[in-house]
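Report on the structure given below.
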Amino acid sequence: MNTDTHVSNRWSSRYAYILAATGAAVGLGNIWKFPYIMGENGGGAFVFVYLLCIFLIGVPVMMAEVVIGKRGRSTPANAMTHVATESGHSSHWSIIGSIGVLAGFLILSFYAVIAGWAAAYVFFAGSGEFSAAAADPATNADAIGALFTDLITSVPQLLIWTTLTIAAVVYVISKGVKEGLETAITYLMPALFVLLLGIMIYSAIVGDFAAAFTFMFHVDFSQLTIEGALVALGHAFFTLSLAMGIMMIYGAYLPKGVSIVKTSMMIAVADTVVALIAGLAIYPIVFAHGLEPSAGPGLLFQSLPLAFGSMPFGDFVGVLFFVMVVFAAFTSAIALLESPTAYLVERQNVSRTKAAIIAGAAVWILSLCTIFSFAGAEWTKLSFGMGGDIFEFLDYLTANILLPLGGILISVFAGWVIKPEILKEEFNLSDTYFAVVLTLLRYVAPVGILLVFLNAIGLFK
Ligand code: PHE
């Protein structure tokens with residue numbers, strides 16, 4: 001193992017860092033996943049718990065990850081080793097890095113498939129499928145629904161899109177052509193935000209905004225199950241790209257003098273705002289057309305095309321929207337492949353190109369499970385646990401088990417293992433604020449995660 005792996009690169013500015021971290025954070029989690037899991041878990045109460053998880057648990061854990069990366073100035077497992085030994089503790093803590101690599105790898109296997117759906121939708125919009133399907137108000141929702149079902153049950157189409165997505169990610173990671181991409185993202189992310197706002201206003205006008213707003217912000221705890229609380233917690237980690245070593249890698253490149261606390265807050269707020277706007281764009285359409293909020297993973301793809309189908313220049317707006325979704329997904333997918341690649345380079349001593357290809361090939365093979373799950377293949381149906389299929393299992397295992405577990409370990413590590421002086425110096429906070437953050441890391445995050453987790457797996461029944 002090569003332990004002298006200190007990285008010497010630095011972000012060119014605080015802005016470059018915020019942009020990259022926000023680029024990794026904002027993705028399918030915000031636009032595709034958040035709206036449908038909110039619908040499956042009853043709306044307002046779920047949103048409320050989700051916000052608590054983001055700000056009381058997610059932000060402190062993000063700060064901890066960035067500090068570990070910055071202090072260790074290395075890839076995750078090695079950074080953990082450096083920081084643990086600096087504080088006089090065992091290097092076994094690097095297991096956190098390994099859990100993260102595994103989670104990132106598993107997540108990418110289904111993330112790439114969903115990114116492929118978005119890519120296919122660029123072409124549906126471009127060829128006028130939305131306006132054709134939405135032409136007859138009596139059957140529009142069914143026609144748009146059929147478009148989606150036809151896509152997810154077409155294994156050859158999905159194979160093509162998923163393969164292209166993974167190949168592009170491997171190419172970017174191995175060739176390090178990130179600069180061009182970063183420039184593109186600099187314009188595309190703000191553009192996505194503005195477009196999403198525009199779509200939200202359009203759906204507010206033509207759809208049922210009042211119903212959407214009540215659904216999302218009326219907190220009725222009788223609608224929330226403990227399982228739903230775990231989903232909210234897991235999604236807070238998923239959407240902020242936590243517990244996967246990503247923020248450690250980004251932290252390793254952080255220049256001196258950038259406030260970890262402020263930047264973490266900014267990233268979390270930006271990410272949350274995008275998710276809420278996506279919800280407010282989708283739900284007015286859902287309610288106006290009598291769709292089910294609990295429609296599941298197809299929600300985004302079955303609702304917004306209805307709006308595109310009926311708005312002026314809708315096919316064009318549809319193309320723009322899905323192009324931006326593809327880009328948002330792509331930046332996240334790159335971050336996701338980065339952690340297994342870095343791991344292979346660091347621990348197995350292979351070249352970066354080779355590592356990216358090996359990791360990409362493995363992700364591709366695993367992605368077949370998700371593709372065939374949506375196509376309804378018999379072999380993907382699980383008989384154990386809660387039933388469901390392999391896609392649902394991978395989603396559950398990563399978001400609801402691996403990420404919260406990583407979150408507990410990171411907060412315990414930062415709160416109890418790293419010397420408080422080091423933490424205080426890195427956070428650069430006044431005594432009072434530091435005490436608050438330390439309390440969140442020491443008690444609120446680990447105990448909160450543990451309680452939700454044990455409850456959800458049925459320990460207190
Ligand atoms: N945060 C991304 C999203 O919400 C997913 C992701 C997780 C990306 C981890 C990178 C690393 O879509």
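Does ASP395 satisfy the condition of being of a type in the set (D, E, K, R) and either open to solvent by less than 40 Å² (accessible area, probe 1.4 Å) or assigned to a loop (DSSP other than H, G, I, E, B) (or both)?
On the way: of a type in the set (D, E, K, R): yes; either open to solvent by less than 40 Å² (accessible area, probe 1.4 Å) or assigned to a loop (DSSP other than H, G, I, E, B) (or both): yes.
Answer is yes for this residue.
Can you say whether THR331 is touching an Asp or Glu at 6+ places or on another chain (Cβ under 8 Å) and polar (S, T, N, Q), as far as the supplied structure shows? Please lay out each step first, then the result.
Numbers: touching an Asp or Glu at 6+ places or on another chain (Cβ under 8 Å): no; polar (S, T, N, Q): yes.
It is false that THR331 is touching an Asp or Glu at 6+ places or on another chain (Cβ under 8 Å) and polar (S, T, N, Q).
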Considering only the stretch 356-373, state which residues are of a type in the set (Phe, Trp, Tyr) and open to solvent by less than 40 Å² (accessible area, probe 1.4 Å).
none
Residue check: is THR353 in contact with a helix residue (DSSP H, G or I) (Cβ under 6 Å, 6 or more places away or on another chain), surrounded by fewer than 23 Cβ atoms within 10 Å (Cβ to Cβ) and hydroxyl-bearing (Ser, Thr, Tyr)?
yes
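Can you list the helices (runs of 4 or more DSSP H) lying wholly within the stretch 145-218 that have 1 or more residues being modelled with pLDDT under 95 and surrounded by 15 or more Cβ atoms within 10 Å (Cβ to Cβ)? Quick ask: steps written out before the conclusion?
Working: elements: 155-175, 178-206, 209-217.
The helices (runs of 4 or more DSSP H) meeting that bar are 155-175, 178-206.
Quick grid of which residues meet (1) in a helix (DSSP H, G or I); (2) within 16 Å of the ligand (Cβ to nearest atom); (3) surrounded by 21 or more Cβ atoms within 10 Å (Cβ to Cβ):
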| position | (1), (2), (3) |
| --- | --- |
| ILE37 | yes, yes, yes |
| GLY42 | no, no, no |
| GLU65 | yes, yes, yes |
| TRP93 | yes, no, yes |
| ILE114 | yes, yes, yes |
Taking ILE31 and the conditions (1) in a loop (DSSP other than H, G, I, E, B); (2) closer than 18 Å to LEU336 by Cα, which numbered condition does it fall short on, given that it satisfies the others?
(1)
Name the residue that is nearest to the ligand (Cβ to nearest atom), counting only residues in the stretch 219-258 that are more than 19 Å from LEU403 (Cβ to Cβ) and open to solvent by less than 10 Å² (accessible area, probe 1.4 Å).
ALA252
Within the stretch 294-312, does at least one residue satisfy the condition of being open to solvent by less than 40 Å² (accessible area, probe 1.4 Å) and farther than 24 Å from ILE37 by Cα?
yes
Could you give every pair whose Cβ atoms fall below 7 Å, whose first residue belongs to the stretch 321-342 and is in contact (Cβ under 8 Å) with a residue 24 or more places away in the chain, and whose second residue is near the ligand (Cβ under 8 Å from one of its atoms) and of a type in the set (S, T, N, Q), counting only separations of at least 6 or pairs across chains?
ALA335/SER241
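SER339 - would you say it is within 16 Å of the ligand (Cβ to nearest atom), within 18 Å of ILE68 (Cα to Cα) and open to solvent by less than 10 Å² (accessible area, probe 1.4 Å)? Break it down into steps so the answer makes sense when it comes.
On the way: within 16 Å of the ligand (Cβ to nearest atom): yes; within 18 Å of ILE68 (Cα to Cα): yes; open to solvent by less than 10 Å² (accessible area, probe 1.4 Å): yes.
For SER339, the condition - within 16 Å of the ligand (Cβ to nearest atom), within 18 Å of ILE68 (Cα to Cα) and open to solvent by less than 10 Å² (accessible area, probe 1.4 Å) - is met.
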How about the stretch 119-170: which of its residues are under 21 Å from the mean Cα position of the chain (by Cα) and over 20 Å from GLY298 (Cα atoms)?
THR163, LEU164, ILE166, ALA167, ALA168, VAL169, VAL170
Expected output for the stretch 6-34 (first residue within 30 Å of PHE46 (Cβ to Cβ), partner near the ligand (Cβ under 10 Å from one of its atoms) and outside any helix (DSSP H, G or I), Cβ below 6 Å, 6+ apart or cross-chain) is ALA24/SER241; ALA25/LEU240; ALA25/SER241
The number of residues in the stretch 389-405 that are of a type in the set (S, T, N, Q) and under 12 Å from PHE110 (Cα atoms) is 1
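Among SER12, SER98, SER74, which is the only one that is more than 16 Å from the ligand (Cβ to nearest atom) and surrounded by fewer than 20 Cβ atoms within 10 Å (Cβ to Cβ)? Lay out the reasoning, then the answer.
On the way: SER98 fails: more than 16 Å from the ligand (Cβ to nearest atom); SER74 fails: surrounded by fewer than 20 Cβ atoms within 10 Å (Cβ to Cβ).
Result: SER12 is the single residue among SER12, SER98, SER74 that is more than 16 Å from the ligand (Cβ to nearest atom) and surrounded by fewer than 20 Cβ atoms within 10 Å (Cβ to Cβ).
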Looking across the stretch 265-276 at residues that are touching a helix residue (DSSP H, G or I) at 6+ places or on another chain (Cβ under 7 Å) and away from the ligand (no atom under 14 Å from the Cβ), the single one that is farthest from VAL59 (Cα to Cα) is MET266
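The values are calculated or read from the model by the stated rules, or taken from the named source; none is laboratory data. None of the values given here were measured: they were computed from a predicted structure. A quick note on method: Cβ atoms are made from the backbone with ideal geometry, for glycine too, and the neighbour counts reach across all protein chains shown. The accessibility values were calculated without ligands, DNA or RNA, using every heavy atom of the protein model including side chains. Shrake-Rupley method; radii C 1.70, N 1.55, O 1.52, S 1.80 Å.
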